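Chemist: The structure's right below; bear with me while I get my questions together.
The values are calculated or read from the model by the stated rules, or taken from the named source; none is laboratory data. Nothing here was measured: the structure is a model prediction, and the numbers come from that model. Here the Cβ positions follow ideal geometry from the backbone for every residue, glycine too, while neighbour counts run over all protein chains shown.
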Amino acid sequence: MARYFCHEFPETLTAETEVADARPGAVLLARHPFYPGGGGQLPDRGVIRWQGGEVAVAGFESAGGRLWIKLAEPIEVTGTVEAAVDPVFRQMMRELHTDLHIVNALVFQSFDGALVTGAQMNDDGTARIDCDLPGADNDRLRALEPAINDAIRQDLAVSDRYMPLDEAMEVNGLLRSRSVAPPPDADGNVRIVEIAGLDAQACGGTHLASTGGSRRVRILKIENKGRHNRRIRIGFA
């Protein structure tokens, strides 16, 4: 897959671009700043604007190696347009995704390298992460809340880099999910997201530039999901 514009230019939320192809209710753009969703992160919201009009983005569809943007109305857009991300929603997803990395890092360090079995960010400002933790003490998991907020308070830098997938597979902890890994780009590289001094793992989502950009969080609930899984739910404090 090609690298996303939102990875290369994470602070750029609008882009003027050309329509490469169109059909009623969907458009293919030469470039755009939208994150299409994946890895438990919801897709961006936003609009496509042109002289004299605009239409809301309704979703994304991958077909034939191309990413179509679905539109909220059955119109056919042509020419030069502006693609604009909803900044409030993107910010919330960046916060929640970064916060889940902090939670994941602390669980991985405190519970003998426990792997992730699932994650989801929600549009109500909550998120959850499932970890392979057979026999874990739920009170120990709840006790991670001060350390999570301490990592936020420290305002640790968040950065990304790329490395070959086969090399990443040899480094303990870079591929943190039990079942899936971020798809490699056209050069066979995967994106590694690093929180300075705390964590590094493969991930394809959007994140803050530093942890201090997040609001404080609370652990809302710990749930047992089967013999092995513990579900940690978080929300903004």
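Chemist: Say whether the condition of being among the polar types (S, T, N, Q), surrounded by 19 or more Cβ atoms within 10 Å (Cβ to Cβ) and within 20 Å of the chain's Cα centre (by Cα) is met by at least one residue in region 119-128. Outline the logic, then answer.
Modeler: Just the residues of region 119-128 that are among the polar types (S, T, N, Q), to begin with: 120, 122, 126.
If we keep only those that are surrounded by 19 or more Cβ atoms within 10 Å (Cβ to Cβ) too, we end up with none.
No; the residues of region 119-128 include none that is among the polar types (S, T, N, Q), surrounded by 19 or more Cβ atoms within 10 Å (Cβ to Cβ) and within 20 Å of the chain's Cα centre (by Cα).
Chemist: Additional query: Within region 182-237, which residues are among the charged types (D, E, K, R) and assigned to a strand (DSSP E or B)? Before the answer, list the steps.
Modeler: Our first condition is that a residue be among the charged types (D, E, K, R); within region 182-237, this holds for 185, 187, 191, 194, 199, 215-216, 218, 221, 223, 225, 227, 230-231, 233.
Those that are among the charged types (D, E, K, R) and assigned to a strand (DSSP E or B): ARG191, GLU194, ASP199, ARG218, LYS221, GLU223, LYS225, ARG230, ARG231, ARG233.
Chemist: Let me ask another. Checking ILE219 against (1) surrounded by 15 or more Cβ atoms within 10 Å (Cβ to Cβ); (2) farther than 18 Å from VAL116 by Cα, only one condition comes out false. Which one?
Modeler: (2)
Chemist: Does ARG161 count as outside any loop (DSSP other than H, G, I, E, B), basic (Lys, Arg) and under 21 Å from ILE129 (Cα atoms)? Steps first, answer last, please.
Modeler: Numbers: outside any loop (DSSP other than H, G, I, E, B): yes; basic (Lys, Arg): yes; under 21 Å from ILE129 (Cα atoms): no.
Criteria not met by ARG161.
Chemist: Any residue in region 70-84 that is without any contact (Cβ under 8 Å) to a residue 60 or more places away in the chain, outside any helix (DSSP H, G or I) and under 19 Å from GLN41 (Cα atoms)?
Modeler: Applying the first criterion (without any contact (Cβ under 8 Å) to a residue 60 or more places away in the chain) to region 70-84 yields 70-78.
Going one step further and asking which of them are outside any helix (DSSP H, G or I), we end up with 70-78.
Retained after the next criterion (residues that are under 19 Å from GLN41 (Cα atoms)): 70.
Looking for residues that are without any contact (Cβ under 8 Å) to a residue 60 or more places away in the chain, outside any helix (DSSP H, G or I) and under 19 Å from GLN41 (Cα atoms), one finds at least one in region 70-84, hence yes.
Chemist: If only one of ARG161, ARG191 is surrounded by fewer than 14 Cβ atoms within 10 Å (Cβ to Cβ), in contact with a strand residue (DSSP E or B) (Cβ under 6 Å, 6 or more places away or on another chain) and closer than 25 Å to VAL85 by Cα, which one is it?
Modeler: Numbers: ARG191 fails: surrounded by fewer than 14 Cβ atoms within 10 Å (Cβ to Cβ).
Answer to the check: ARG161.
Chemist: So ARG66 ticks every box in (1) of a type in the set (Lys, Arg); (2) over 30 Å from ARG216 (Cβ atoms); (3) surrounded by 14 or more Cβ atoms within 10 Å (Cβ to Cβ) but one. Which box is left unticked?
Modeler: Of (1) of a type in the set (Lys, Arg); (2) over 30 Å from ARG216 (Cβ atoms); (3) surrounded by 14 or more Cβ atoms within 10 Å (Cβ to Cβ), only one is false for ARG66: (3).
Chemist: Would you confirm, using the coordinates I've provided, whether ASN149 is surrounded by 19 or more Cβ atoms within 10 Å (Cβ to Cβ), polar (S, T, N, Q) and within 22 Å of the chain's Cα centre (by Cα)? Show your work before the answer.
Modeler: Details: surrounded by 19 or more Cβ atoms within 10 Å (Cβ to Cβ): yes; polar (S, T, N, Q): yes; within 22 Å of the chain's Cα centre (by Cα): yes.
Judged against the criteria, ASN149 is a match.
Chemist: Of these, ASP132, ASP137, ASP123, which one is closer than 23 Å to VAL47 by Cβ and either at pLDDT below 95 or not assigned by TED's automatic domain parsing to the domain that holds HIS32 (or both)?
Modeler: On the way: ASP132 fails: closer than 23 Å to VAL47 by Cβ; ASP137 fails: closer than 23 Å to VAL47 by Cβ.
Of the residues listed, the single one that is closer than 23 Å to VAL47 by Cβ and either at pLDDT below 95 or not assigned by TED's automatic domain parsing to the domain that holds HIS32 (or both) is ASP123.
Chemist: Across region 29-46, what is the total count of residues that are of a type in the set (A, V, I, L, M, F, W, C) and either surrounded by fewer than 18 Cβ atoms within 10 Å (Cβ to Cβ) or touching a residue at least 60 places away in the same chain (Cβ under 8 Å) (or both)?
Modeler: Going through region 29-46, the residues of a type in the set (A, V, I, L, M, F, W, C) turn out to be 29-30, 34, 42.
Retained after the next criterion (residues that are either surrounded by fewer than 18 Cβ atoms within 10 Å (Cβ to Cβ) or touching a residue at least 60 places away in the same chain (Cβ under 8 Å) (or both)): 30, 42.
The total comes to 2.
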